[in-house]
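Notes to accompany the following structure.
The values are calculated or read from the model by the stated rules, or taken from the named source; none is laboratory data. Just so you know, these numbers come straight off a predicted model, no measurement behind them. Cβ coordinates were reconstructed from backbone atoms using ideal geometry, including for glycine residues, and neighbour counts include every protein chain displayed. Keep in mind that these areas ignore ligands, DNA and RNA; they rest on the heavy atoms of the full protein, side chains included. Shrake-Rupley method; radii C 1.70, N 1.55, O 1.52, S 1.80 Å.
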Amino acid sequence: MAAGFAELGRKVLGPGEPGSGDTEGFVEKAVRGARISFDALRRPDTAPAVFGALLFFLAFLAINPMAGPEPAYSTAVYAAGGELLGAVVAPDGQWRLPPVARGRLPVTAGKPSESGAEMLREQVSPRFAVALSAYEDSRFYGHAGFDAIAIFRALRDNLAAGRIVSGGSTVTMQLARLRRGAGQRTLPAKLLETVLAVRMELTGSKDDILAAYAGLAPFGGNVVGLQAAGFRWFGHDATHLTWAEAAVLAVLPNSPGLVHPGRSRDELGRKRDALLQTLADQGAFAPADLPYSIAEPLPGLPLPMPGQAPHLAAKAGPGRVQTTLDYQLQLQAQEVAERHARRLGSQGIANAAAVILSVADGRTLAYVGNVKTAGESGSWQVDCAAAPRSSGSIFKPFLYAAMLDSGELTPTRLIPDIPTRIGSYSPENNLKSYAGAVQAQDALARSLNVPFVRLLRSYGIERFADLLENFGFSNLSRAPADYGLTLILGGAEASLVDAAEAYARLARAALPEKPADGDASRQAASNSATDAAPVSRAAAWLTLEALVEVARPGEDASWQEYASSRRIAWKTGTSFGSRDAWAIGATQDYVVAVWAGNANGLGRPEIKGTDAAAPLMFDLFQLVPRSAWFPEPTPELRMITVCADSGYAAGPSCPETVRLAVPEQAHVDEPCPYCRMVHLSDDGKQRVSAECAGDAGLVAVKRFVLPPAIEWYYRRSTIGYRPLPPWKPGCAVADASSVDLVAPEDGALIYIPIELDGSYGKTVFRAVHRDAGQTLFWHLDGDYLGETRGDHRLEARPDPGLHELTVVDQAGALATRRFEVLLRND
């Protein structure tokens, strides 16, 4: 008969029933219950056995006891260790925290499983379980869902009183009522709860039932569930309760109104203390501790929920949101950010955001979307870490790395740094000064704008936009041509989150595929990062090496000491109009990214990457463990010979050469354009030619010679540069390399303003000559304009349209530029 009973169950339930656990396990429990009941029929006291068997049978065929309307859950954001970071009230106005599914690793918001068997038992404090059993259901661990003794006692008491004074419901029956929803407490409803309670006992363990009950029980006001009650009434997680707290929470589900201040507070105290006395008598804790438990205060007004990640909670949907945040690091990062925000606030800078990532796998360890110090007027609710902002100079390292890979650049190659106009665009360095030419690695470390605009023009805007997208920048919504060359200087927008992830990808690219130290955990984490590096390991490493040399903020000497104690590759950025300040640093293990500014876009002179963002970045680095520096990627590097002066591939006329490491696949083949053979007098003080050398003869010498426009600035900023000596009198010949035009550049668009009197304004032409004593003669479209000596600048008022400017020296050497003049109102 028992076997037939089991077969009937399989036919009714099929292979499995969603939300009710494993059918096979259910059937086995039913079979055991039936066998016990049938065996009992052979004894004289058959009536209870028949009654029990009937209940088991009905419970087996009944509808799913865990069915019912899914409650509306609060949004709850948790740290990686399970700590609650922040929560938002549920759509129905209740504080109801979602449970956790056993064996799962949720990464987004979602509904919890309906199966009580999958709920984590760790959510229920052991003390609450003991207190609840003592107060509500003393035989909870011994009955099968209903307590016949309690039911008969309730019937007796209710008949004697002529009204309902006792319910006799077990915790399991109360859970059945909570799952079925509100309804009248009638005898049929009670019978249904009894049947459902029995089935729940068949399909789940006592711990599962307690976990489900603790998640749905009311605890006063708009607080539902044990975890929410712990935070709202006691300000901490409910998994670790004092005995007094556990007693209060055991009492509340039966009388949730007692928790309100001014409403039966004395009654709540009496019930709590009586329960504590019972627990002490039962040996739950030492009787000597009873006075201390009774002395604990009752809960007062509801306490605020944790608010450690408000911007993550605000944009998440209802349900549990499992993050990768490190709880302690998150708290510390917020505290440090708030402290810096108070300093920035005195300078008219209201907002700041920060993100800390793990390089190995890209996990976000801390997320400060904004600072509460900004207040309502400062729009602190705006998630500035996710908001697109002008990128400033933070894209420069990616262009540098890509050009190293392609061989279009070496770390020591000279890049022109002179006044530049490309079409109508005229970039400037932050300090409004020019070095003539700088090594590429120095241009990156000093974040010089003009050299990188020139590099981008060489590399290609569309090609660079593709590179940025491959690094994960997701806000490049326009066509690359729309950004133009401003793309490298903040013409596009980026979010702090994207920027942090891109720098983490760059740092991850610099790491070996297999850790040199054999750390298995790091290898596993590294393997979890599935994104392919857009640049080679060698290029990434060389880029990070250059970023170590970034000059630290100089206002505080302690930063200089700190900079020498840790190697950090870092980059700052400041947007046009001083609206956004960036600072992003990377080590082998961590990336720290900071943004500072005003959420409303208001610019301030103090909004600079080095001043507003870098100090916060360095303080955040102090919160994470010290990291070793990136190991040199020796197999991925190869040594080439380059000109010691220019960094280009060494040519036959380079005076000195050096060996330089470049990415193994880079094709560095452009020869040095700045070195040439020159003829000097035997004392080296004059240039001569074979025709005019005389008896003294001449000497052929290899020299590093920059073009005049570059040389004019370079010789003023670089100690040791030797310009060519002057020509020996009577030997000068026309040398096109002696004269150059600085402004305008070839193909430039020049805007001429209209003066107050209606006439066209003036523009300034500028030229340089290698011989400071030379006189230059200026011509515009064939018409003579004038002559200059020394500082070769000339004002002119060209008409709108296309023009050709020519400048000629006394020996006949000349330079020519074509440009177009536009009116300001064109």
Selected residue (criterion: modelled with the lowest pLDDT) from residues of the range 144-169 that are part of a loop (DSSP other than H, G, I, E, B) and either closer than 18 Å to Tyr213 by Cβ or among the aromatic types (Phe, Trp, Tyr) (or both) = Gly167
ask   = Which residues, counting only those in the range 369-386, are crowded, with 23+ Cβ neighbours inside 10 Å and of a type outside the set (Gly, Ala, Ser)?
value = Asn370, Val371, Cys384
ask   = Of Ser447, Ser458, Ser406, which residue is among the polar types (S, T, N, Q), crowded, with 23+ Cβ neighbours inside 10 Å and in contact (Cβ under 8 Å) with a residue 40 or more places away in the chain?
value = Ser447
remark   = With criteria (1) outside any helix (DSSP H, G or I); (2) modelled with pLDDT of 95 or more, Gly378 comes up short on (2)
query = Given the conditions (1) open to solvent by 30 Å² or more (accessible area, probe 1.4 Å); (2) among the small types (Gly, Ala, Ser); (3) within 27 Å of Trp727 (Cα to Cα), and given that Gly782 satisfies all but one, which numbered condition is not satisfied?
reply = (3)
request  = Please work out if Leu414 is open to solvent by less than 20 Å² (accessible area, probe 1.4 Å), in contact with a Ser or Thr (Cβ under 6 Å, 6 or more places away or on another chain) and touching a residue at least 12 places away in the same chain (Cβ under 8 Å).
outcome  = yes
message = Can you tell me which residue is modelled with the lowest pLDDT among those in the range 733-764 that are open to solvent by less than 60 Å² (accessible area, probe 1.4 Å), of a type outside the set (D, E, K, R) and part of a loop (DSSP other than H, G, I, E, B)?
response = Gly758
query = When residues of the range 674-688 are filtered for being surrounded by fewer than 18 Cβ atoms within 10 Å (Cβ to Cβ) and part of a loop (DSSP other than H, G, I, E, B), how many remain?
reply = 4
ask   = For the range 342-368, how many residues meet the condition of being of a type outside the set (Lys, Arg), buried (at least 18 other Cβ atoms within 10 Å of the Cβ) and part of a loop (DSSP other than H, G, I, E, B)?
value = 5
message = Of all residues being open to solvent by 30 Å² or more (accessible area, probe 1.4 Å) and outside any helix (DSSP H, G or I) in the range 702-720, which is nearest to Gly423 (Cα to Cα)? Just the residue, please.
response = Pro707
request  = Could you tell me which numbered condition Lys396 fails, if it satisfies all but one of (1) of a type outside the set (Gly, Ala, Ser); (2) more than 21 Å from the chain's Cα centre (by Cα); (3) open to solvent by less than 10 Å² (accessible area, probe 1.4 Å); (4) at pLDDT 95 or above?
outcome  = (2)
key: Residue under evaluation Ser264, criteria (1) small (Gly, Ala, Ser); (2) under 28 Å from Leu178 (Cβ atoms); (3) in contact (Cβ under 8 Å) with a residue 40 or more places away in the chain, criterion not met   = (3)
ask   = When the range 575-589 is examined, which residues are found to be open to solvent by 30 Å² or more (accessible area, probe 1.4 Å), out of contact with any Pro (no Cβ under 8 Å at 6 or more places or on another chain) and either on the phi < 0 side of the Ramachandran plot or acidic (Asp, Glu) (or both)?
value = Phe576, Arg579
note = Matching residues in the range 657-673 (modelled with pLDDT under 95, over 21 Å from Val705 (Cβ atoms) and surrounded by fewer than 21 Cβ atoms within 10 Å (Cβ to Cβ)) number 3
ask   = Within the range 290-302, can you find the residues that are part of a helix (DSSP H, G or I) and either modelled with pLDDT under 90 or open to solvent by 70 Å² or more (accessible area, probe 1.4 Å) (or both)?
value = Pro291, Tyr292, Ala295
inquiry  = Could you check the range 461-498 and list, in sequence order, the residues that are within 21 Å of Pro411 (Cβ to Cβ) and open to solvent by 10 Å² or more (accessible area, probe 1.4 Å)?
reply    = Arg463, Leu467
inquiry  = The conditions are (1) in a helix (DSSP H, G or I); (2) closer than 20 Å to Thr572 by Cβ, and Asn475 fails exactly one of them. Which is it?
reply    = (1)
inquiry  = Condition first: charged (D, E, K, R) and open to solvent by 60 Å² or more (accessible area, probe 1.4 Å). Now tell me which residues in the range 303-323 satisfy that.
reply    = Lys315
